[in-house]
1. Which of the residues belonging to segment 225-260 are farther than 20 Å from residue 198 by Cα and of a type in the set (D, E, K, R)?
2. Name the residues in segment 93-114 that are crowded, with 24+ Cβ neighbours inside 10 Å and outside any helix (DSSP H, G or I), would you?
3. Look through 261, 288 and report the one residue that is over 30 Å from residue 112 (Cα atoms), under 17 Å from the mean Cα position of the chain (by Cα), surrounded by 15 or more Cβ atoms within 10 Å (Cβ to Cβ) and aromatic (Phe, Trp, Tyr).
4. Here's a check for you: in segment 166-183, which residue that is touching a residue at least 40 places away in the same chain (Cβ under 8 Å) and touching a Leu at 6+ places or on another chain (Cβ under 9 Å) is farthest from residue 256 (Cα to Cα)?
5. Just one of the numbered conditions (1) in a loop (DSSP other than H, G, I, E, B); (2) surrounded by fewer than 24 Cβ atoms within 10 Å (Cβ to Cβ); (3) not polar (S, T, N, Q) is not true of residue 138; which one?
6. Show me the helices (runs of 4 or more DSSP H) entirely contained within segment 4-83 in which 2 or more residues are in contact with a Ser or Thr (Cβ under 9 Å, 6 or more places away or on another chain).
7. Can you go through 250, 244, 260 and tell me which one is within 27 Å of residue 36 (Cα to Cα), touching a residue at least 24 places away in the same chain (Cβ under 8 Å) and out of contact with any Gly (no Cβ under 9 Å at 6 or more places or on another chain)?
8. Given the options 90, 37, name the one that is in contact with a helix residue (DSSP H, G or I) (Cβ under 8 Å, 6 or more places away or on another chain), of a type in the set (Ser, Thr, Tyr) and either surrounded by 15 or more Cβ atoms within 10 Å (Cβ to Cβ) or touching a residue at least 24 places away in the same chain (Cβ under 8 Å) (or both).
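Coordinate-derived values only; no laboratory data. Source: prediction; values computed, not measured. When we count neighbours, we look across all protein chains shown, and the Cβ atoms used for this are built from the backbone with ideal geometry, even at glycine.
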Amino acid sequence: MLAAYITHPDCQKHEMGVDHPECPARIGAINDQLLITGLLDYMQSYEAPLASTSQLEQAHSALFVRDVEAHRPSSGYVQIDPDTRMNPFTFQAAKRAAGAAVLAADLVIKGDAKVAFCNVRPPGHHAGRASAAGFCFFNNVAVGIRHALNVHGLERVALIDFDVHHGNGSENILHEDPRVLMCSTFEEGVYPFSGAVPMGPNMVNVSLPSRSGSKAFRASVSETWIPALEKFKPQMIFISAGFDGHREDDMGNLGLVEDDYAWVTAQIVKVANTYAQGRIVSCLEGGYVLSPLGRSAAAHVKVLIGAD
């Protein structure tokens with residue numbers, strides 16, 4: 001059974017300015033690395049569909065979904081926050097990114113793919129129930145998780161977030177849902193300056209000091225995530241896969257390397273194989289320097305799809 005690889009050309013039409021770090025080239029950097037390493041040979045490619053309004057409203061308020069659409073410009077940019085802009089193609093791209101998570105959930109739950117990797121943008125984990133921020137418009141993983149729970153009837157789904165930034169939007173949406181366990185690591189003292197105090201009992205937040213490096217990151221996973229996941233026994237796992245904790249990425253300062261992303265993926269795969277029939281959906285979040293982004297994503301995918 002081939003793993004699913006989900007992306008769409010629309011995801012490269014969204015852009016926020018020539019010097020913005022969350023750039024269209026991120027998609028190509030990952031795709032190129034998967035191609036040259038031969039990993040795409042082990043994957044079935046799919047085009048991300050547009051998430052429907054009802055699918056988006058599983059994670060977001062109806063008013064917010066309408067508001068994002070209403071802010072779509074006919075030309076130029078609309079500023080959402082100091083770091084986040086919409087161009088004429090943003091709304092379409094954001095619906096594709098969320099739709100990728102929905103399709104991935106369908107494929108994995110139905111058994112058409114054991115795992116899926118969504119190479120999509122804009123990212124999503126800073127988007128809350130009624131807020132767009134931090135380069136994010138719709139919360140892709142939250143939409144996919146609620147689809148798995150509400151449409152497919154799963155009872156327990158875990159979310160793993162190893163982006164260098166705290167997934168405050170995901171926590172905002174999911175912290176009152178006992179069907180979800182969210183485990184995250186992030187660098188303290190950086191945007192969005194949250195996460196030190198979890199919002200709910202289903203949140204396992206580990207705030208790491210700057211320059212923590214591999215040892216501290218791996219210890220936090222082994223000592224906090226794994227026991228919580230083993231107790232929760234998820235039936236499916238979603239990953240907010242952010243690679244901006246890499247030591248070559250200036251958006252954070254954790255000092256991680258490709259081997260750390262391969263290692264943490266292996267730990268997630270072990271849990272999934274034990275409790276979740278191996279079912280994993282991974283969605284791209286951060287990672288802004290193209291070379292380490294491509295290398296890190298490839299290291300992650302190699303382990304995810306069992307090609308290691």
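1. Answer for segment 225-260, where residues must be farther than 20 Å from residue 198 by Cα and of a type in the set (D, E, K, R): 233, 244, 247, 248, 249, 250, 258, 259, 260.
2. Within segment 93-114, 113 is the sole residue that qualifies.
3. Values: 261 fails: over 30 Å from residue 112 (Cα atoms).
Matching residue, one of 261, 288: 288.
4. 181
5. All conditions pass for residue 138, except number (2).
6. Helices (runs of 4 or more DSSP H) meeting the threshold: 25-36, 62-70.
7. 250
8. Just one listed residue meets the conditions, 37.
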